[in-house]
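Participant: The following block contains the structure, expressed as structure tokens.
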Amino acid sequence: MTVITAGEPGLYPGRWIAMAVLLVAGFMNLIDVSIVNVALPSMQSALGASDSQIEWVVAAYILVFALGLLPFGRAGDIHGRRRVFTLGVGVFTFGSALCGLAPNMNALITARVLQGVGGALMTPQTLAIVPTLFPPRERGLAFSLFGLAAGLASVTGPVVGGLLIHADILGLGWRPIFLVNVPVGLIAILAARRFVPDLPGAPGLRTDFVGVGIAGVTLLCLIAPLIEGRQLGWPLWCFAVMLAAVPLAAIFVRWQRRQNLRGRPELLPVGLLGNRNFLIGCLMVALLFSGIPGFFLVLALYLQNGFGLIPLESGLVTVPFSVGVVVASLISGRAGMRWPRRRISLGALLLAAAMLWLRAVVADTGEAVVWARFAPALLTGGLGLGLAVAPMFQTVLAGVSARDTGSGSGALQSVQQVGGAFGVAMMGEIFFGRLAAGLMAGTAPHAVYAGALGIALLYNALSFLAVAALARMLPRPGAATALPAMAAHE
């Protein structure tokens, strides 16, 4: 067994093989997200799921993943990153097997929770292992490979998912989209044990489990009523539970301050809670990503349930968005840290324009979906997302002290996932509410689905416009001591 420490970067001869193992595991996690969106209508039909259950298939994974990123990132520091990484891959693989074998929707949602735990265990370790494997001159290339893997996952996910479902392997329908993770995960575990070096932990560190619990209950109070409220007829307790999230959030802040004063572990450092630019950045990230998972959820339902497209055809419709993300990410990478606020604003405006453009396309769609009419709007949206994301994270973290950079990065990733869960709940409520009203009124199915998608897209457009406005509230690059060389570009 090879043991290396943070003081020996680049001395490990098998670092590129180890990097390949990390990329395979990360790719498995990332592609699973995009594959699931294509399969949701098939799951709903095969298992007789309610609208809220379909939302939970997406939201349960996102919520658990978001909550686990910070404490499980610390777990890698305590117990050793390879150990926690392989545990995460194992949990994700086991959860994938349970998803593929789920007899009903409740079992599927429970298995998705397990997948979320696995994803949260392994994801922070992949990024944390890289600096110990590579010398500074090689780290840029190593980190860029993660971006490439994310881009490939977003592009290939919808197509691979559609192909697997269309092939109907052994009559299993949608189930192979999860079962395919089992052999990949097992290979990744064995390869990690063989090629990823053992990185010793620091058992003296501790995790703020109370903070994790308070944060988890707060998020559930906000998200659960949004998903279940319409199905239950919006009883009074739904609104009471959502209101309870406000004092719970205040309790969380007070607990973090108490932990800080006593010198105990904090889930979110108090220094970040008092950082105005970081808080603005968190709001921007939450708003931006609240419009993405929910968008693909309702778009898949519109295409497959509303117009009868098979999952493969539905996946092909969404490919231009993924292509746009990859292209813009490459362009954004070459721009480095130049013009960050302008790139964020432009990206958010392109996303908003894409949603309004798509809304017009949907309203004008007759009895059949024409790929060529949807492609330009989706490509524009992908370009906007790829253009905005990198400078957004870089600019927000530039104002964070070096001591809190790790926590700030983890917190931003958590906020990204929480925003996604909130967006799924909001867009699901808007879409399914409008859909139910239209079907009860006896409106033609195509028109009902078009109207439901059109009204849901307004949420996206408004969220992205808010991001464009908030971007101007971030500090000018010259105001951040970490970015003095950028002042001339803004």
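Participant: Within 10 Å of each residue's Cβ, count the other Cβ atoms and sort Cys99, Cys282, Cys238 from fewest upward. Mind dumping the intermediate values first?
Facilitator: Details: Cys99 27, Cys282 22, Cys238 17.
Fewest-to-most ranking of Cys99, Cys282, Cys238: Cys238, Cys282, Cys99.
Participant: Using R₀ = 30 Å, calculate the FRET efficiency as 1/(1 + (r/R₀)^6) where r is the Cβ-Cβ separation of Trp339 and Arg137; round to 0.05. If you can, show how the numbers build up before the last one.
Facilitator: Numbers: r = 27 Å, r/R0 = 0.89.
According to the calculation, E is roughly 0.65.
Participant: For each of Met355, Met28, Met473, count neighbouring Cβ atoms within 10 Å of the residue's Cβ, then give the residues from fewest to most.
Facilitator: Values: Met355 26, Met28 23, Met473 13.
Lowest count first: Met473, Met28, Met355.
Participant: Ranked highest first by average number of other Cβ atoms within 10 Å, how do 194-200, 33-39, 242-248 line up?
Facilitator: Details: 194-200: 18.6, 33-39: 25.4, 242-248: 14.4.
Highest to lowest by the protection proxy: 33-39, 194-200, 242-248.
Participant: Could you tell me the center-to-center distance, by alpha carbons, between the stretch 218-262 and the stretch 63-83 in angstrom?
Facilitator: What the calculation gives is 24 Å, centre to centre.
Participant: Return one number: the angle in degrees, 0 to 90 and rounded to the nearest 10, between the long axis of the Cα atoms of helix 209-232 and the longest principal axis of the Cα atoms of the chain.
Facilitator: The two axes meet at around 10 degrees.
Participant: Also: What's the exposure ranking of Leu379, Leu301, going from fewest to most Cβ atoms within 10 Å? Could you put the intermediate results ahead of the total?
Facilitator: On the way: Leu379 20, Leu301 24.
Ordered from fewest to most neighbouring Cβ atoms within 10 Å, Leu379, Leu301 come out as Leu379, Leu301.
Participant: What ranking do 388-398, 262-272 get when scored by the average of other Cβ atoms within 10 Å per residue, highest first?
Facilitator: Values: 388-398: 23.1, 262-272: 17.0.
Per-residue Cβ counts within 10 Å, averaged per peptide and sorted highest first, yield 388-398, 262-272.
Participant: Subtract the Cα-Cα distance of Leu330 and Asn106 from 0.36 nm times their separation in residues, and report this length gain in nm to one decimal. Write down the numbers at each step before the final one.
Facilitator: Values: separation 224, 0.36 × 224 = 80.64 nm, distance 4.03 nm.
Using 0.36 nm per residue and subtracting the Cα-Cα distance, I get 76.6 nm.
Participant: Continuing with this model, one more query. In nm, give the distance between the simple-model label positions of Leu283 and Trp16, each being 7 Å from the Cα along the Cα-to-Cβ direction.
Facilitator: 4.7 nm
Participant: Right, next: Helix-only mean residue ellipticity at 222 nm, the chain, DSSP H runs n ≥ 4 weighted -39,500 (n - 2.57), per residue, nearest 500. What is it?
Facilitator: Values: 17 runs with 381 residues, N = 490.
-27000 deg cm²/dmol, from helical runs alone.
Participant: Something else about it: Nearest 10 degrees, 0 to 90: what angle lies between the long axis of helix 371-398 and the longest principal axis of the chain (Cα atoms)?
Facilitator: The helix 371-398 is inclined about 30 degrees to the chain.
Every number in this text was worked out from the coordinates using simple rules, so none of it is lab data. Every value quoted in this text rests on a predicted model; they were computed, and no experiment measured them. No Cβ is skipped: glycine too gets one built from the backbone with ideal geometry, and neighbour counts run over all protein chains shown.
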